[in-house]
Structure formats: C-alpha cells, structure tokens
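The values are calculated or read from the model by the stated rules, or taken from the named source; none is laboratory data. Just so it is clear, the structure is predicted and the values come from calculations on it, not from any experiment. Glycine gets a Cβ as well: all are built from the backbone with ideal geometry, and neighbour counts include every protein chain shown.
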Amino acid sequence: MVRRYSTSLASVLLVLSSGMLLLGCNDSAEPMVGADEDEHGCKQSAGYSWCAKTEQCERPWELAEQEGFDNTEEAFEGYCSNEKENE
C-alpha cells in the first residue's frame, strides 16, 4: 500500500511540474492583450489617445461629438494640442 501511494504521489508531482514548465514557456514576442498602454496609460487598442487639453485619455470620435469638431485625426490633434490659442 505504501508503494502504491508513493507511485501515485510521484505521478501527480510529475504532472504538476510538467504543467508548470509548459505555463512558463510563453512566447514573449507576442504582446499580452491590453498591454498596449502609451506613456500616459491610454489603451490604444480600446480607441483611447492622450489629449493634453483635457489631460486625460479620450476616444477621438466621442470627444469630437461632445465638443463639436470634425471626427478627423487632424481635428483631434488640433483640439488636443496644448497651445494657449486653443483655450
């Protein structure tokens, strides 16, 4: 009975250690989902970009609708630039 128990325990430990080795073998060249934050913490995959004027991450199309400017990259950059003339 002792021998049977030690064989089962050895099998369980072998399976667990093999599983841990496989989990540790991830492809680090592939970025993690949601790990695409820019220097301000904005998640670009969710559509967020930094806006210096509002000092927060914004979705350009939502901000364009709220503030009444065209939904273009140029209009977003123009609105969000941190120049005094935009205030």
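Quick notes on this one:
- Residue in the range 63-77 that is touching a helix residue (DSSP H, G or I) at 6+ places or on another chain (Cβ under 9 Å), outside any helix (DSSP H, G or I), of a type in the set (Gly, Ala, Ser) and modelled with pLDDT of 75 or more present: no
- Of the residues contained in the range 24-45, none is found to be modelled with pLDDT of 95 or more, part of a loop (DSSP other than H, G, I, E, B) and of a type in the set (A, V, I, L, M).
- Scanning the range 57-76 for residues that are within 24 Å of residue 35 (Cα to Cα), of a type outside the set (A, V, I, L, M, F, W, C) and surrounded by fewer than 13 Cβ atoms within 10 Å (Cβ to Cβ) yields 62, 73.
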